[in-house]
1. Which value results when the Cα radius of gyration for the chain is divided by 2.2 N^0.38 Å?
2. Could you work out [θ]222 nm for the chain from helices alone, using -39500 (n - 2.57) per DSSP H run of at least four and dividing by all its residues? Round to the nearest 500 deg cm²/dmol.
3. Search the structure for amide H atoms under 5 Å from the amide H of residue 139, placed 1.01 Å from N in the peptide plane, and list their residues when 5 or more places away or on another chain.
4. For the stretch 75-187, compute Rg over Rh where Rg is the Cα radius of gyration and Rh is the Kirkwood radius from the inverse mean 1/r over Cα pairs.
5. Working from Cα positions, state the angle (0 to 90°, nearest 10) between the long axis of helix 151-161 and the longest principal axis of the chain.
6. Within 10 Å, at most 14 other Cβ atoms, and a DSSP state outside H, G, I, E, B define an exposed site. Report the longest part of the chain free of exposed GluC sites (Glu not before Pro).
7. Relative contact order of the chain, please, whole-number percent, based on alpha carbon pairs below 8 angstrom and at least 6 residues apart.
8. What's the extension gain from residue 143 to residue 222 if we count 0.36 nm per residue and subtract their Cα-Cα distance?
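Throughout, read-outs are computed from the coordinates displayed, never taken from laboratory work. It should be emphasised that the depicted structure is a prediction, and the values quoted were computed from it without experimental measurement. We place every Cβ from the backbone using ideal geometry, glycine too, and count neighbours over all the protein chains shown.
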Amino acid sequence: MSVIMIKLVIFDLWRTLIPATIDFNHLFSLITKKGFSKEKFIEDYENAVQLKEYNSLEELKKDFFLTFRHVEGVDLGKEFYEIYTNRFDKINFFPDVKKNLLNVKNAGFKMALLSNTESLLSKKIEDKLKLNDYFDFLGYSFEINFLKPDKRAFDFVLNKFNVKPSEAVMVGDSLRSDIAGAKNAGMFTIQIDRENFVLDEANVKPDFKISSFDELIEKLGYLNEKKS
């Protein structure tokens, strides 16, 4: 019987546990015409609205418009409305997530969430999905004050659990923020790609790439066998 070496599994939220509520294809078609790369748009967006706690949508809206004020020829008001309207109704676990989160938990792994996200919906998401039933720690960018792929975001979570980077694995969809960030922190990585849709690019290769969470326990077991 192999000794368990991976102690902590860290999960991304958007497009990993729950679907994106933003029509990225539509947004990317607009920003590409304005000279933005996908990666630049995402980075600017995250820095604009995902690093502090907001008391109202109006506060967040001001930062959004300030960041993208130089983007001409795009109706920013309409795009903002599309990003933030009816989001909550779309928030549910992917069908393969709930049972497999329980499988990971029952296998004895510690579990954490590490998400670049806005503050306004976080509590509602927690309550709706009962995230505390699965995770030992919920790490949001606006609370820990770091955005993935910043190494300090991953170090923050590792320190919470007092585990070494080599004892942790990151599960996420984004090559830039999840995979490259975790590898830079010295962690193992598993990329989830259900839809064969590349959100952002990075010159990095995950340790494993899966199309369903049904493959997750197997990959975690393989990592432990390789390390034991």
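1. Relative to the 2.2 N^0.38 Å estimate, the chain comes out at 1.02.
2. On the way: 10 runs with 90 residues, N = 228.
For the chain, the value works out to -11000 deg cm²/dmol.
3. 113, 114, 115
4. Working: Rg = 15.3 Å, Rh = 15.4 Å.
Looking at the stretch 75-187, the ratio lands at 0.99.
5. Around 40 degrees separate the two axes.
6. 73-194
7. Working: 346 pairs, mean separation 62.8, N = 228.
This gives 28 percent for the chain.
8. Numbers: separation 79, 0.36 × 79 = 28.44 nm, distance 3.33 nm.
Stretched fully, the residue 143-residue 222 segment lengthens by 25.1 nm.
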